[in-house]
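Here's the structure we're looking at; comments come further down.
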Amino acid sequence: MTKNMFRMWTILPAVFCAGLLGYAYYVEYVEFLMPCNLCILQRVVFFVIAVLFLLAAIKPVLYWGRKIFGGLLGVTTVIGIAISGRHVWMQGLPPEEVPDCGPSLGMMLETDSLFSVLSTVLTGSGSCAEIKWQLFGLSMPFWTMLCFIGLFIYTIIWVLKGVEL
């Protein structure tokens, strides 16, 4: 694989993540579907993945650099899988087991420490359990989980295919 081909295969997931983020903002600002706290965290993870792939594309990394980027991307995608998996799990809870709705992410960031906010957000709230959007019977968090899994597999292939450079 040439360096230009490798660079193209490195930019593709960044463009994919940018498209996902663009659609998320479209749904929020045009369709008026407000994201819950877990949705916002998933957006942050997609953004981090896009930035990491863009950084790797700017300067095609050597063997060890690609492994380091691959490790960072692998950890980031696993975090995305965990967050979206938690979200899907919450959506499957019976109504009586759904946690109460809490404050918004912005309000929590203003009043609490970052560790406390992350702990609270990852616990989830009642708004995270609502299914407001579906495609082919699957909720948006389920689709994002599939995207994170796909990006994880892509990252493994990206690292292994780039070895011969």
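Worth pointing out:
- Packing-based exposure ordering (other Cβ within 10 Å, fewest first) of 5, 140: 5, 140
- The residues 47, 142, 148, when put in order of fewest to most other Cβ atoms within 10 Å, stand as 47, 142, 148.
- Going from the residue with the fewest nearby Cβ atoms within 10 Å to the one with the most, 153, 40, 81 rank 153, 40, 81.
- Whole-Hz Karplus values for the range 4-20 come out as 5, 5, 4, 4, 4, 5, 7, 6, 3, x, 5, 5, 4, 5, 5, x, 4 Hz, taken residue by residue from phi with 6.51 cos²θ - 1.76 cosθ + 1.60 and θ = phi - 60°; glycine and proline positions read x.
Rule-based calculations on the coordinates, nothing more; no lab input. Here the structure is a predicted model, which means the values were calculated and not measured. Using ideal geometry, Cβ is built from the backbone for each residue, glycine included, and neighbour counts are taken over all protein chains shown.
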